[in-house]
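The structure appears below as structure tokens.
Read-outs: derived from the displayed coordinates by stated rules, not from any lab. Because the structure is a prediction, the values reported are computed rather than measured. As a convention, Cβ positions derive from the backbone with ideal geometry for all residues, glycine included, and neighbour counts pool all protein chains shown.
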2 protein chains.
Amino acid sequence: MNQAAMFKLTYGLFVLTAKDGEKDNGCIINTAMQVTAEPNRIIIVVNKQNYTHDMIMKTKEFNVSMIDTEADFELFKHFGFQSGRDVDKMADFAFSRAANGITYPDNMVNGYISGKVISETDLGSHTMFLADVTDAEILSDAESVTYTYYHKNIKPAPQPVKKKGWICKICGYVYEGEELPADFICPICKHPASDFEPIQ
Amino acid sequence: MNQAAMFKLTYGLFVLTAKDGEKDNGCIINTAMQVTAEPNRIIIVVNKQNYTHDMIMKTKEFNVSMIDTEADFELFKHFGFQSGRDVDKMADFAFSRAANGITYPDNMVNGYISGKVISETDLGSHTMFLADVTDAEILSDAESVTYTYYHKNIKPAPQPVKKKGWICKICGYVYEGEELPADFICPICKHPASDFEPIQ
């Protein structure tokens, strides 16, 4: 088996947002797709380590916004490289609210889809949410990015770093710390601790 | 709601193949993705009208091959515009067999993934299969196509046609016949009868 064949599957990249009471939050996912047209339903797959995951488990609602080719690496750092448990990701970010009251980015996404969860499937490290599409709007004419486009055009080339930590060999995500937890899963590309190497 | 926002979701395109006894078959899908890395599992979503769907329901095994940029429209016609109930799609087609005995195309795909079904979820018009990845191989360096790439570069521009039938406004699939069944769903893009118009 050649595990690298898995990278030939084509994905988009999305900002997934949720709202629990006064708390807004969001994360990056690469797993969202329409599964039936009538009724109009989508699935999203979310890593359980994401705070947004827990919010959706509780509130059953979300927006998924399609990242476009005008996005820069800052968007991925903002939503992907920090946790809503520690920071308010919306405090210094330009956003609007959809009919469901949940945020979506004003820039760098070409549309959003609002989902109302029908069912959850426990997949171990991730949960799959099946949802009715309750709203959808186009925000720009820019093309949606693919995961391949992100790797070629958005992700910075690796730089020499002095920090102590571990780097994901797959996507370049950096975990800062002496020891990488054995059950750590990359929040960007979902690969496990075995795909990380110490920063030299 | 702007339904067109659903097209901003990024998809790949795949040849999905199955084998039931001596019968080989395949169809085109745009819905396959990895959902967890450990264990390595994928989901595929398949229209119930596809013969390949029924074969996988029975045998619980499949290959999903990633269509690449060297593919031409003939591949889509071959696997997408005719049914394995009527023709032997593999009779005049170059293929090999994976370890599971199931076929995969020799050309126009850059790799394949073999799946063994763990569970099925009934989504109405479609079934979602969750599967363990049992094998995966890379076949070429060509880039995987996106659904957007297919529309821009592979799908022929509409031609004047004399046939009686209905054309899918979304993807250009042609249904030949006087009457389009009310419950018809486009085998390529999954859109319903309401998205077809009579050929003039």
Practice item. Evaluate the relative contact order of region B:1-75 (contact order divided by residue number), counting alpha-carbon pairs under 8 angstrom at least 6 apart; express in whole percent. Key: 33 percent
Check your understanding: Given Cα pairs under 8 Å that are at least 6 residues apart, what percent is the relative contact order of chain B?
Key -> 21 percent
Revision key, fill the gap. Inter-copy distances for B:Asn2, nm, shortest first, label points 7 Å along Cα→Cβ, are 4.1
Exercise for review: Net charge near B:Met33: determine it from the other residues with C-beta under 14 Å of the C-beta of B:Met33, scoring Lys and Arg +1 and Asp and Glu -1.
Suggested key: +3
Exercise for review: Within a 10 angstrom radius of each residue's Cβ in B:107-115, how many Cβ atoms of other chains show up on average? Whole number is fine.
Suggested key: 2
Point to revise | Exercise: per-residue mean of other protein chain Cβ atoms within 10 Å, B:65-76 | key: 1
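Compute the orientation-averaged projected area for region B:1-94 from the convex hull of its Cα atoms and round it to one decimal in nm². Present the calculation step by step, with values, prior to reporting the outcome.
Numbers: hull surface 32.4 nm².
The Cα convex hull of region B:1-94, projected and averaged over all directions, gives 8.1 nm².
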Point to revise | Ellipsoid semi-axes in whole angstrom, largest first, where each is sqrt(5λ) of the Cα gyration tensor of region A:120-200 | key: 30, 21, 9
Practice item. Using θ = phi - 60° and the Karplus relation 6.51 cos²θ - 1.76 cosθ + 1.60, list the HN-Hα couplings for region A:105-122 in order, rounded to whole Hz, with x at every Gly or Pro. Key: x, 6, 10, 6, 10, 9, x, 9, 10, 9, x, 10, 5, 9, 7, 10, 10, 7
Point to revise | Across the identical copies, how the B:Ser119 labels are spaced - nm, sorted shortest first, 7 Å along Cα→Cβ | key: 0.9
Point to revise | 7 Å along Cα→Cβ, label-point gaps from B:Lys164 to other copies, nm, shortest first | key: 8.0
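When the helices in chain B are scored as -39500 (n - 2.57) per DSSP H run of 4 or longer and the sum is shared across all residues, what 222 nm value do you end up with, to the nearest 500 deg cm²/dmol?
-2500 deg cm²/dmol
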Check your understanding: When you look at the Cβ of every residue in B:120-129, what mean number of other chain Cβ atoms sits within 10 Å?
Key -> 4
**Study point:** Loop-located trypsin sites (Lys or Arg not before Pro) in region A:68-127 whose Cβ has at most 12 other Cβ within 10 Å (DSSP)
**Key:** A:Arg85
Review point. In bins 10 Å wide, starting from 0, what share of all Cα pairs of region A:157-198 does each bin hold, as a percent?
Key: 33, 58, 10
Exercise for review: Mind checking region A:92-200 for GluC sites (Glu not before Pro) that DSSP puts in a loop (not H, G, I, E or B) and that have at most 12 other Cβ atoms within 10 Å?
Suggested key: A:Glu178, A:Glu179
Study note, to complete from the structure: Inverse of <1/r> over all distinct C-alpha pairs of chain A, i.e. the Kirkwood Rh in Å, gives 17.4 Å
Review point. Once the Cα gyration tensor of the protein assembly as shown is found, what semi-axes does its equivalent ellipsoid get, as square roots of 5 times the eigenvalues, in whole Å, sorted largest first?
Key: 35, 25, 19
